[in-house]
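**Student:** Take a look at the following structure, please.
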């Protein structure tokens, strides 16, 4: 059981398919009620489409497939979390946004072999919360560099 760091990190906690994930607060731009999404033809199924965010076209993705989580229909009670990583903005569909937690780096565990490969691939580690259980900390660099996302971003000129 190895730890990541002694620093403290702030994470926004998201619920996706009943599982909890953390995204560093510094990458979260805003949280929106599910907007009207316009589908785009001939893109990977994880790309849900685009919507107008104050005059800017914003892409929306569903990361459940990457994380090998159950795929459920998107509904009006879902949210879109706008994440900005390395000047690339994407909206990620989530069921809930819980809170912002400060997590001591000493309490962050590295992914272990008993975890599903998809979680190991797209998470930097996990934190064991007393009430919520494991909170998997998303690795945005790996996620944003997934070939399905990169090819979509490239086709848009992002």
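**Student:** Under a plain spin-label model, where a point goes 7 Å from the Cα along Cα-to-Cβ, how far apart in nm are residue 117 and residue 45?
**Tutor:** Output for this residue pair reads 1.8 nm.
**Student:** Just subtract the alpha-carbon distance of residue 134 and residue 107 from 0.36 nm times their residue separation and send over the number in nm, one decimal.
**Tutor:** Extra length from residue 134 to residue 107 when fully extended: 8.6 nm.
**Student:** Helix 147-156 sits at what angle to the longest principal axis of the chain, using alpha carbons and giving 0 to 90 degrees rounded to 10?
**Tutor:** That helix lies at roughly 40 degrees to the long axis.
**Student:** If each of residue 52 and residue 99 carries a label point 7 Å out from its Cα toward its Cβ, how far apart are those two points in nm?
**Tutor:** 3.8 nm
**Student:** In nm, what is the difference between 0.36 nm times the number of residues separating residue 33 and residue 141 and their Cα-Cα distance?
**Tutor:** Extra length from residue 33 to residue 141 when fully extended: 36.4 nm.
**Student:** From the helices alone, meaning DSSP H stretches of at least four residues, give me the mean residue ellipticity at 222 nm for the chain, per-run term -39500 (n - 2.57), in deg cm²/dmol to the nearest 500.
**Tutor:** -3500 deg cm²/dmol, from helical runs alone.
**Student:** Okay, next question. At 25 °C and 0.890 mPa s, what whole-number value in µm²/s does Stokes-Einstein give for the translational diffusion of the stretch 66-141, with Rh from the Kirkwood sum over Cα pairs?
**Tutor:** After rounding, the answer is 172 µm²/s.
**Student:** Measure off 7 Å from each Cα along the Cα-to-Cβ vector at residue 89 and residue 75, then give the distance between these two points in nanometres to one decimal.
**Tutor:** Result for the modelled spin labels: 2.9 nm.
**Student:** Along the principal axes of its C-alpha atoms, what lengths does the stretch 8-151 span, in descending order and rounded to whole Å?
**Tutor:** Principal-axis extents of the Cα atoms in the stretch 8-151, largest first: 42, 29, 27 Å.
**Student:** Quick one: compute the contact order of the chain, relative version, from alpha carbon pairs under 8 angstrom and 6+ residues apart, as a percent.
**Tutor:** Relative contact order, the chain: 29 percent.
Bear in mind these aren't lab numbers, they're just calculated from the coordinates by the rules spelled out. Quantities reported herein were computed from a predicted structural model and do not represent experimental measurements. For neighbour counting, all protein chains shown are included, and Cβ atoms are generated from backbone atoms with ideal geometry for every residue, glycine included.
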